[in-house]
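Inspection log for the structure reproduced underneath, given as structure tokens.
Values in this text are rule-based calculations from the coordinates and carry no lab data. It should be emphasised that the depicted structure is a prediction, and the values quoted were computed from it without experimental measurement. Cβ atoms come from the backbone with ideal geometry, glycine included; neighbour counts cover every protein chain shown.
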Amino acid sequence: MRVAVIGVGHLGRQHARLYRELEGVELTAVVDILEDRAAEVAETYETTPLTNFRDVFGKVDAVSLAVPTSEHARIGAELLANGIDVLVEKPIGADLEDARTLIRRASEYGRILQVGHVERFNPVVCAATEIATQPQFFEIHRLAEFSPRSLDIDVVLDLMIHDIDIVLSLTRAPALEVRAVGIPVLSERADIANARVEFENGCVANFTASRVSFEKVRKLRFFQPQAYISVDYAAQKGKIVSVRMGRITERKLEPTMEEPLRLELKAFLHSVRTRSRPAVTGEDGLRALELAMRINEEIGRRSK
């Protein structure tokens, strides 16, 4: 299968690395508007450097799109219209219309559109998903050190949206009420945010995200009838504490460690080969973006 990576900054470079390692895949090209960066990545992974994404038309079957969020819809729509399947990094678009444009184009041209919510492929998240029944309360913390990357979006769209997608996949219910606060610290957009979301089925989720922390934390905990599940995304470990027959038992979640991005790319390529529904659809990406934007609207309202 012939693939390309469009946008080879920090994340796109990782896509290129993994495509180069996967069997049955030819990394045909890497594309970046910065010629020197395209050339450097191409040399590292023994492929062709390009500066114009249209140069891949007719030469590849699928691409990873890792350009700035504001460019997702413009570039993605052209790729889909030219018969290329697309894995678009999260968030799916800069706004809801962008997201709907990509979904519409994928449907119109019969192409695969997968959204890069990589935590869905984290082995410990998969293990927790298998034992989730009726989550009633979530507590999530995602803290990261400051990085000049992704400053075109705020911390909700940059970091919190990972956890928004996971919660939506587990609750399977629309959001009823959203309360949120956020403040800019080192950028012009919110760098720290906290949101409380109540869903129509009664589930409540508390999200905290920061990209100006002195420590890295990526943890999720949720409670459901008779059980408490804790997940450490980074360590790919967790535990489940449950009550059975009046006794409290604790079991570790220790799945085989694998690189989530590698699993994500393999799932995407499987969908491309088999023409099957992707693990994270455009509609999934749209739902996550809708809730993220509701949170940002509440942050904006409170900051006035």
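Annotations
- Net charge dipole, the chain: roughly 1000 debye, given to the nearest 20, about the Cα centre with Cβ charges of +1 for Lys and Arg and -1 for Asp and Glu.
- Helix content alone sets the calculated 222 nm mean residue ellipticity of the chain: runs of n ≥ 4 DSSP H residues at -39500 (n - 2.57) each, divided across all residues, give -10500 deg cm²/dmol.
- Protection proxy ranking of 134-141, 160-167 - average other beta-carbon atoms within 10 Å, highest first: 160-167, 134-141
- Cross-link partners for K219 among the aspartates and glutamates, with Cα-Cα distance under 13 Å and sequence neighbours closer than 8 places in the same chain left out: E119, E139, D163, D232.
- Summing charges over neighbours of F121, with a neighbour being any other residue whose Cβ is under 11 Å away from its Cβ, gives -1 when K and R count +1 and D and E count -1.
- Cα-centre dipole for segment 1-43 with unit charges at Cβ (Lys and Arg positive, Asp and Glu negative), debye to 20: 160 debye
- Computed log₁₀ I(q)/I(0) - Debye formula, equal Cα scatterers, no solvent, segment 1-120, q 0.13, 0.15, 0.17 Å⁻¹: -0.44, -0.59, -0.76
- Relative contact order [Cα under 8 Å, 6+ residues apart], segment 1-50, whole percent: 37 percent
- For segment 98-199, fraction of C-alpha pairs farther apart than 16 Å, in %: 67 percent
- Three-way shape call for segment 220-304 based on the alpha-carbon gyration tensor, with the a/c threshold at 1.5: oblate
- Normalised contact order of the chain, rounded percent, pairs of Cα under 8 Å and 6 or more residues apart: 18 percent
- Relative contact order of segment 48-170, taken over Cα pairs closer than 8 Å and 6 or more residues apart, is 22 percent.
- Look at where the Cα atoms of segment 122-139 and of segment 242-270 average out, and the two centres are 9 Å apart.
- Each part reduced to its alpha carbon centroid, segment 1-30 and segment 164-187 end up 31 Å apart.
- If both residues of a DSSP beta bridge must be in segment 57-205, then about 50% of such bridges are antiparallel.
- Rounded to the nearest 20 debye, the dipole magnitude of segment 106-235 is 200 debye, with +1 charges on Lys and Arg beta carbons, -1 on Asp and Glu beta carbons, and the Cα centre as origin.
- The chain: antiparallel DSSP beta bridges as a percent of all, rounded to 5: 60 percent
- Ordering A175, A144, I240 by the projection of their Cα atoms onto the charge dipole of the chain, which places +1 on the Cβ of Lys and Arg and -1 on the Cβ of Asp and Glu, puts I240 at the extreme positive end.
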